[in-house]
Amino acid sequence: KEMAHILPLGKLLGLGLKQISKPVSKQIVTSAKTNPFISKYVRLLGQTINRMTVWTHRTADKSGTNRVTPSLTKEEALSTGAEFIGEGFIFGVVVAVTAWEYQSSAKKSAADKLKQLEKEEDWKRQLHIKQTRLSAIEERLLALESSRGGGEGAAGGWFSKWS
């Protein structure tokens, strides 16, 4: 159990996945650019991204969105689409790892809270037992004082001088 605190394997695994995602992303970009079947769809994605980007800029500038958006060349569209896919992959890995780390942390926090509540309940049970024992002792002490003829004054009960 102590080893888990010294070496956080979950965090190291997450960091490793983030680092591996970059070369995998480069391979995805390369495949998207070289595979004829995939590159057709990647070019379409690149053109769509271009249209959305131009539309967003025109809307922000209030220069009008009803104008024709100039198309990118095939190479530019392929490059834009492939980079978007690569960056999207890296972003997806980072989001997944972050969500997993958050969920792990939340589970640990819930377990710690449950453990603390159990500890508090145990303390309350122990306190109740001790209060019950103290009440029983006080009752026996009163009974002993009564049986000795305890009253007030010098010859009174055992603790009469403190009352």
* Only one residue in LEU142, LEU114 is out of contact with any helix residue (DSSP H, G or I) (no Cβ under 9 Å at 6 or more places or on another chain) and either surrounded by 12 or more Cβ atoms within 10 Å (Cβ to Cβ) or not in a helix (DSSP H, G or I) (or both), so which one is that? -> LEU142
* Top-ranked residue of segment 25-49 - restricted to ones that are polar (S, T, N, Q) and within 12 Å of LYS74 (Cα to Cα), ranked as most open to solvent (accessible area, probe 1.4 Å) -> GLN47
* Residues satisfying the stated conditions in segment 52-98, i.e. at pLDDT 90 or above and among the basic types (Lys, Arg) -> LYS74
* To do: Could you list, in sequence order, all residues of segment 59-91 that are surrounded by 12 or more Cβ atoms within 10 Å (Cβ to Cβ) and without any contact (Cβ under 8 Å) to a residue 24 or more places away in the chain?
  => THR65, THR69, GLY88, PHE91
* Quick one: count up the residues across segment 26-71 that are in a helix (DSSP H, G or I) and touching a Ser or Thr at 6+ places or on another chain (Cβ under 7 Å). => 12
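The values are calculated or read from the model by the stated rules, or taken from the named source; none is laboratory data. Note that the coordinates shown come from a computational prediction; the quantities given were computed from them, not determined experimentally. Cβ sites come from the backbone with ideal geometry, for glycine too, and all protein chains shown count toward neighbours. In case anyone asks, the SASA skips ligands and DNA or RNA and just uses the protein heavy atoms, side chains included. Shrake-Rupley method; radii C 1.70, N 1.55, O 1.52, S 1.80 Å.
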